[in-house]
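No lab work stands behind these numbers, since they all come straight from the coordinates. Keep in mind it's a predicted model, so treat the numbers as computed, not measured. Please note: Cβ atoms are built from the backbone with ideal geometry, for glycine as well, and neighbour counts cover all protein chains shown.
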Amino acid sequence: MTNSRLEKKELVEKIRQYRIDIIEMLHRAGSGHPGGSLSAIDLIASLYHYEMQHRPNEPLWPGRDRFVLSKGHGVPAQYAVMAGMGYFPKEELKQLRQINARLQGHPSDQFLPGIEASTGSLGMGLSFAMGCALSAKLQGESQRVYCLMGDGEIQEGQVWEAALSAPKFKLDNLVAIIDYNKGQIDGPTNEVMNLEPLMDKWRAFNWHCIAIDGHNLDQIEQAFQEARLTQSKPTLILAHTVKGKGVSFMEGVIDWHGAAPNADETAKALQELKG
Amino acid sequence: MRKRALDTVFALAQQDERVVYIGSDVGQGTLQGFQESIPERFFVEAISEAYVIGMAAGMAMTGFVPYVNTIATFLTRRCLDQIAVDLCIGNHPVRLVANGGGLVYAPLGPTHEAIEDIALMRCLPNMTVLVPCDAEEMERAVRASLDWSGPIYIRIARGGESVVSLPERGFFIGKAIEVRQGEKLLIATTGVMLQTALEVQDIMARAGYNLGIVHFHTVKPLDTAWLANQLGPYSHVASLEEHSVIGGLGSALAEWLCENGDHKLKRFGIPDRFADRFGNQAKLLSYFGLDAASIAKELQAWVKPS
């Protein structure tokens, strides 16, 4: 991290603001995915504020660590953090999904410097991240690569092709994170397609596996530390999260997977978040 | 042609540290030298084409130029979304070196026959589509691909075809090669159907025709400058390709001629159906009317000699 390190309570405050930003963004856009943005925000904010080497004023700095948001629909969370860190003016968040905006409904490297991959078609990000991690190894660089996936997303077969392959290359610079919020658009993830025992599956694929509470900043930070200390294996962090975390009426409610809050709902959510 | 393509990739890799080879389930015997001398940039990946495309994209965006080699149908049909999202949106310099373009794998049936690969690749923004006609031209194509900025699909045909390309004509991506100027009737072809077009020309010459032949080794971007400037002597254009009549060179020409020309167009290609015969490539091509004698007969019924 090239910025000065925030105290944890300062990060908590930042994340509270990011949740507000997400709600306001989605309300203004009139569409988007609040559930999976709110479940992932603690993970994404921790990555940018504590874990990754990057330069907000130089997004294409060659030495940067790479973050691939494979669950592209969660991008409002990433935009909120990027704006908060100075990648672009916070005012630009108001342009989410507008016709001439750089802030597309799914992340694309074509529009906004600092986005590494175009994602949104689920299941592809881990393969791409693996390629980045392999490149760093070949080039003798110390870069680390982080890939955040949704739990519904890992129903895609391509995820398991990459899961099978990364250990072959001993990519200990690769960290895959699953935002295990237990919901997808068609219902509870494990009812649509049971993923369990999920840790066992990744262990069997020869990943170093860590399960955490994905809203606990200490546990998130410790997991990233443990990944750094792990040699010869990629790390999988299974982050147990709550869909819609932080807004009481959205928490665990599948209908908030892909619906923007209306004016009343927005006011109610902001009231809760602003406390 | 495949061996020449891969040998050229190896030669490029020896000169340029950006070049990476990724093969999937095609047998890497021809590249033993590559594997032994540059093992760190030689990857034999699993039977997992979708993941290989993503891996290649990740490597391309971090400075490498990956050449991915596997069977054409598995690249184009199975990985269409990965190619669109991972390669084309980001315009990453990945080269898809596709074995068995057309009916090469006739004995294996429709699962392995790439009859719509050009169509699938041609409709993707940022994709370039190269279909060389022989081993010599394949080498020139692969060399030309090294510094091209976006993704490229390179279609490999059967092996052992006669060499008809001429080194002095060079190879410039996006530039058609006029093989023979004629009048009234022009055959526009791509890939190894150029050899068939030359056979057709022999037959037609004996019947009093002065057939023109143009070779589009690059189907996309189509050389519209050539079309705009060189179609003057012709009233009839016949496209000829080892590909479905939907979406390939014939379609590309139809699109251009509809808006820019008043030429009659006839498309020779594989009809819009999966192969219902096996045998071998030559027999299947004849079955679909794509042998020189059948083509010449049909052309003679279509156009009178000039």
*Taking only the alpha-carbon positions of chain A and ignoring solvent, what does the Debye formula give for the base-10 log of I(q)/I(0) at q = 0.10, 0.11, 0.12, 0.16 Å⁻¹?*
-0.46, -0.56, -0.67, -1.26
*For region B:74-204, what relative contact order do you get, as a whole percent, if you take Cα pairs closer than 8 Å and at least 6 residues apart?*
27 percent
*How far is helix A:263-274 tilted, in degrees, relative to the longest principal axis of the Cα atoms in chain A, given as a value from 0 to 90 rounded to the nearest 10?*
60 degrees
*asked:* Taking θ = phi - 60°, what integer Hz values does the Karplus form 6.51 cos²θ - 1.76 cosθ + 1.60 yield along region A:89-96, in sequence order, with x for Gly and Pro?
replied: x, 4, 3, 5, 4, 5, 8, 3
*Hey, could you grab the Kirkwood Rh for region B:169-302? Inverse mean 1/r over distinct alpha carbon pairs, Å, one decimal.*
15.0 Å
*Put a dot 7 Å past each Cα toward the Cβ at B:Glu40 and B:Gln181; how far apart are the dots in nm?*
5.3 nm
*Over region B:2-155, what is the percentage of antiparallel beta bridges among all DSSP beta bridges, to the nearest 5?*
5 percent
*Distance in nm between label sites at B:Leu108 and B:Arg143, each 7 Å beyond Cα in the beta-carbon direction?*
3.0 nm
_Using only the alpha carbons of region A:222-275, what is the convex hull's orientation-averaged projected area in square nanometres?_
5.5 nm²
*Please determine, in degrees from 0 to 90 and to the nearest 10, the orientation of helix A:75-85 with respect to the longest principal axis defined by the Cα atoms of chain A, where the helix direction is its Cα long axis.*
90 degrees
*Over 31 Å between alpha carbons, listed pairs A:Lys201/B:Lys3; A:Lys8/A:Lys243; A:Lys182/A:Lys268; A:Lys14/A:Lys233*: A:Lys201/B:Lys3; A:Lys14/A:Lys233
*Just the Kirkwood number for chain B, please: inverse of mean 1/r across all distinct Cα pairs, in Å, one decimal.*
19.5 Å
*Taking the Cα centre of each part, how many Å lie between region B:204-274 and region A:243-275?*
58 Å
_Share, in percent, of DSSP beta bridges within the protein assembly as shown that are antiparallel, nearest 5_ = 10 percent
*How long is region A:188-248 along each principal axis, judged by its Cα atoms, biggest number first, in Å?*
40, 28, 10
*Can you check how the C-alpha radius of gyration of region B:2-155 compares to 2.2 N^0.38 Å, as a plain ratio?*
0.94
*Using a Förster distance of 22 Å, how high is the FRET efficiency between A:Asp213 and A:Lys274, based on the Cβ-Cβ distance and rounded to 0.05?*
0.35
_If you take each beta carbon of peptide B:60-66 and count the beta carbons of other chains within 10 angstrom, what is the mean?_
5
*If you average over every viewing direction, what projected area does the convex hull of the Cα atoms of region A:45-187 give, in nm²?*
8.8 nm²
*Shielding score for A:156-166, defined as the mean number of other chain Cβ atoms within 10 Å*: 4
_Cross-link partners of B:Lys283 among aspartates and glutamates (Cα-Cα below 19 Å; sequence separation of 8 or more within a chain)_ = B:Glu113, B:Glu161, B:Glu199, B:Glu241, B:Glu242, B:Asp272, B:Asp291, B:Glu298
_FRET efficiency, 1/(1 + (r/R0)^6) with R0 51 Å, evaluated for A:Glu251 and B:Cys258 via beta carbons_ = 0.35
*Between A:Ser118 and residues 5 or more places away or on another chain, which pairs have amide H atoms under 5 Å apart, with H built 1.01 Å from N, and which residues are they?*
A:Asp109
*asked:* Bins of 10 Å, beginning at zero and ending with the bin holding the largest distance: percent of Cα pairs per bin for the protein assembly as shown, please.
replied: 3, 17, 24, 20, 16, 12, 6, 2, 0, 0
*Before rounding to the nearest 500, sum -39500 (n - 2.57) across all DSSP H runs of length at least 4 in chain A and divide by the residue total; then give [θ] at 222 nm in deg cm²/dmol.*
-12000 deg cm²/dmol
*Which distance in nm do the two modelled labels at A:Glu58 and B:Cys123 give, with both placed 7 Å along the Cα-to-Cβ direction?*
4.4 nm
*Taking other Cβ within 10 Å of each residue's Cβ, how do A:Trp160, A:Trp207, A:Trp61 sort, fewest first?*
A:Trp61, A:Trp160, A:Trp207
_Please list, ordered by chain and number, the residues whose modelled amide H lies under 5 Å from the amide H of A:Leu195; skip anything fewer than 5 residues away on the same chain._
none
*Compute the length gained on full extension between A:Arg102 and A:Val12: take 0.36 nm times their separation in residues and subtract their Cα-Cα distance, giving the result in nm to one decimal.*
29.7 nm
